[in-house]
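A.B. asks: Following this message is one structure expressed as C-alpha cells.
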Amino acid sequence: MNGVLVDTTALIGRHLLHLRRTPTRILGVTLTPLTMVLVLGYMLNKAISVRGGDYLGYMMAGVGAQVALACVGSIAIGTATSLRNGLVDRFRSLPTSRGAILVAHTVSDLGLAAIGICIASIVGALLGWRPDTGVLSIAAGFGLLLLFTYVMLWFGLLLGLSVRSPEALGALSGLVLVCGSFLSNAFVPLDGLPGWLRVVAEWNPISAVSSACRQLWGGPMSASTGSVVSEHPLPAALVMLAVIAAVTVPLSCRAYHAAEPR
Amino acid sequence: MNAAIEAEGLRKSYSDHHALNGVNLSVAAGTVLGVLGPNGAGKTTTVRILATLARPDSGRAVVAGHDVLREPREVRRRIGLAGQYAAVDEQLTGRENLVLLGTLLRLGKQGARDRAAELLARFELTDAADRLTRTYSGGMRRRLDLAACLVSSPPVVFLDEPTTGLDPSSRATLWRMIRDQVASGVTVLLTTQYLEEADVLADRIAVVDHGVVIAEGTPDELKRKVGAEWLEVTVAHGRDLSAAASALSCVAAMPPREAAGGKSFSVRLPDGMGAVATAATALETAGIEIAGFALRRPSLDDVFLHLTGQEHS
C-alpha cells in the first residue's frame, strides 16, 4: 500500500511539473467560466432577474460546475495524446499499479480545477458575490464542486481512452461544455424551458450540483417542481455522482488496462 | 541453454486482420534475437504481447521465467521496453524522466537520482540532462529512451525498431550502446527493418512475415540458405571476358553468370579459401588483365528477399 502511495506521489509530481511548464493550461479550464462571470454576472447582471435574489448569486454555482466541465476536455485530450506518443505503453510496462497512474492524473487535474474555481470565485467576490451562510456551509459548497469535478475527471479519462483522437476530443469537449452548461439550471432557471426538455435538464446531474451549491451558499433557487431533485438537490447530487463514479472508474481502469495504440 | 524468452504459437487477430498466425520464438539468456520483417509483419504485436501490453488470442509465452498471461507483474519487474516512438515525457528534462522512472521502480529517492546520473553519463546525455526533452534531437531522444528502459537493470530488454528514422551516425552510436548492454549479460529481443542492424547486433535472427516466423538461425546460417559465396570478376578489357570465364570454369561450381556492362561476371565457388586461390591462379596463368576480383557473400537483403518471395520488387 505504501508503495502505491509513493508511486502516486511521484506521478502527481510529474503532472505538477507539467503545470509549472505550461501554466496556460489553467487558462484552458478557467477562461470560459471567467468569461461567464464577467458577461453574465457583470454586464448582464441587471438584465436577468431570478426569483429571490441577485443573479450573480444564482450563477456562481453554475460557474463552478462549468470549471469541472472544462476539465473533461482537458484531461481527455491529455490522455489521448499520451496514448499516441507511447508514454502510456512505457508506464504500462512498469510494475507500477495502473490505478496509481490514473489516480495521479485525476488528482493533479483536480488541483488545476481548484485553482480555476478559486480564480472564478475571487472575480465573483470582486463583482459583489457574497455567500452568507457561514464558513462551514460555504466550504461544503466548494467541497461538493470539487467532488463533482473529480467525478467529471474520471468521465473525461474514459472519454479520452475511448475516443483516442485529440482532434475529435477537441470538438467533443466544446460540446460537453456548452450542453452541460445550458441543458441544466447552471446559468438559467428552468422555468422557461419546454416541458420535456425541462425534465431532461432537471435530472441533469449538473443541475442537481448547481442547485445544491446554491442551497449551501444561500443563493436564489429555481422554483421547485416538486420532483425529488428539485426538493432535495444535495442528496440527489451525491447519489448521481456516486452512480457516475461507479460506472466511469471501473470502465476507465479497464480501458487503460487494454489500451492498444491505434 | 536457458531460454530468457520463450513463445509458443502466439496468435492475435484484430477486427480487420490476423496480426499473428502462430509465432514461435526462443531466445537464450544473454543473447540477442533480431526479429526482422517488413512493416505489418507482426513484429510490434509480438513485442507487445511479450511485454504484457497486449494479450494473445492463443498461445503462451514465458519471459524471464514468468508467464506473461498469469504473472504479468512479475514479468514487468524484469523487463525494459523501448517502443517504436521514443516514449519520453517531453515536458520533463532528461534527468526528471529517469528519476521519475527510478522512483516508480522503487529505487528510493537517492537511489533514483544516482541511477539517473549514472545512465545519463553512460548514454552521453549529461550535458543535456537538465534540458526539456522536447529540445532533444532524435538521436538523443532514442538514447534517453534506451536509458529509460534500463533504469531497473532488467535482465530482458525489448527494443522495437530502436533506430528507425535516425541518421547513420546516431544509429552507429546507438548500436554501440546496445552492444555495451549485451556485453553486460542482458537478453535482448530487437525488432528491425534494417538487415544491417540485425546483422550487426543479433546472435540469431528470426525473419517474420504475415504473422509467422519464416526462417530462423544465425546470420551466417541464413545467408548460407540463400546460397554459397560468389566470386565477382571484372576484366580490364571486354574482349577478355569469355577467356576469363572459361579459365574459371574448372573451379566454378556452376556456369559463370555474366553481369550487365559486358566486363564482369560472377561464378559460384565451392566453400573455402582454396577455391579462391585456385581461381586467382587460373586467371593469372591465362594472362588476363583483371580490374576487379571480389568475393561476395549474400547479404541479409538477399536472404530477406529470397524468403519473402519479393525478389522482383
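The values are calculated or read from the model by the stated rules, or taken from the named source; none is laboratory data. Note that the structure is a prediction, hence the values are computed from the model and not measured. Here the Cβ positions follow ideal geometry from the backbone for every residue, glycine too, while neighbour counts run over all protein chains shown.
A.B. asks: Which one is nearest to the other protein chains (Cβ to nearest Cβ) among residues in segment B:77-98 that are part of a helix (DSSP H, G or I), surrounded by fewer than 24 Cβ atoms within 10 Å (Cβ to Cβ) and in contact with a helix residue (DSSP H, G or I) (Cβ under 9 Å, 6 or more places away or on another chain)?
C.D. replies: B:Glu96
A.B. asks: Next question, about the same structure. Would it be correct to say that B:Val35 is touching a helix residue (DSSP H, G or I) at 6+ places or on another chain (Cβ under 8 Å) and among the hydrophobic types (A, V, I, L, M, F, W, C)?
C.D. replies: In short, yes.
A.B. asks: Give A:Leu56, A:Leu19 a once-over and let me know the one that is within 14 Å of chain B (Cβ to nearest Cβ), under 24 Å from the mean Cα position of the chain (by Cα) and part of a helix (DSSP H, G or I).
C.D. replies: A:Leu19
A.B. asks: Moving on to the next point. Out of curiosity, is B:Ile49 within 27 Å of B:Leu300 (Cβ to Cβ) and assigned to a helix (DSSP H, G or I)?
C.D. replies: Judged against the criteria, B:Ile49 is a match.
A.B. asks: How many of the residues making up segment B:99-124 are among the basic types (Lys, Arg), more than 23 Å from B:Arg73 (Cα to Cα) and within 14 Å of another protein chain (Cβ to nearest Cβ)?
C.D. replies: Residues meeting the conditions: 1.
A.B. asks: Pick from B:Asp240, B:Asp180: which is outside any loop (DSSP other than H, G, I, E, B), modelled with pLDDT under 85 and among the acidic types (Asp, Glu)?
C.D. replies: The unique qualifying residue is B:Asp240.
A.B. asks: Now a separate question. Does B:Gly34 fit the bill of being in a strand (DSSP E or B) and within 14 Å of the chain's Cα centre (by Cα)?
C.D. replies: Yes; evaluated as a whole, the condition is true for this residue.
A.B. asks: I'd like to know if segment A:102-111 contains one or more residues that are among the hydroxyl-bearing types (Ser, Thr, Tyr) and within 16 Å of A:Gly28 (Cβ to Cβ).
C.D. replies: Checking segment A:102-111: at least one residue is among the hydroxyl-bearing types (Ser, Thr, Tyr) and within 16 Å of A:Gly28 (Cβ to Cβ).
A.B. asks: Looking at segment A:179-209, which of the residues that are of a type in the set (S, T, N, Q) and in a helix (DSSP H, G or I) is farthest from A:Ala236 (Cα to Cα)?
C.D. replies: Per the stated criteria, the residue is A:Ser181.
A.B. asks: Against the condition in a helix (DSSP H, G or I), hydrophobic (A, V, I, L, M, F, W, C), over 20 Å from A:Val72 (Cα atoms) and in contact (Cβ under 8 Å) with a residue 60 or more places away in the chain, how does A:Ala104 come out, does it pass?
C.D. replies: No.
A.B. asks: Name the one entry in B:Ala282, B:Ala244 that is over 30 Å from B:Asn39 (Cα atoms) and in contact with a Cys (Cβ under 7 Å, 6 or more places away or on another chain).
C.D. replies: B:Ala282
A.B. asks: Restricted to segment B:13-53, and to residues that are free of Cβ contacts under 8 Å to residues at least 60 places away in the same chain and farther than 17 Å from B:Thr191 by Cα, which residue is surrounded by the most Cβ atoms within 10 Å (Cβ to Cβ)?
C.D. replies: This residue is B:Ser13.
A.B. asks: OK, next. List the pairs whose first member sits in segment B:104-124 and is within 12 Å of B:Ser152 (Cβ to Cβ), whose second member is among the acidic types (Asp, Glu), and whose Cβ atoms are under 7 Å apart, counting only residues at least 6 apart or on separate chains?
C.D. replies: Correct list of pairs: B:Leu104/A:Asp7.
A.B. asks: Ok, one more. State the number of residues belonging to segment A:130-178 that are in contact (Cβ under 8 Å) with a residue 40 or more places away in the chain and either part of a helix (DSSP H, G or I) or within 18 Å of A:Leu69 (Cβ to Cβ) (or both).
C.D. replies: Number of matching residues: 32.
A.B. asks: Tell me, which residue of segment B:53-76 that is at the interface with chain A (Cβ under 7 Å from one of its Cβ atoms) and outside any helix (DSSP H, G or I) is farthest from B:Thr135 (Cα to Cα)?
C.D. replies: B:Ala54
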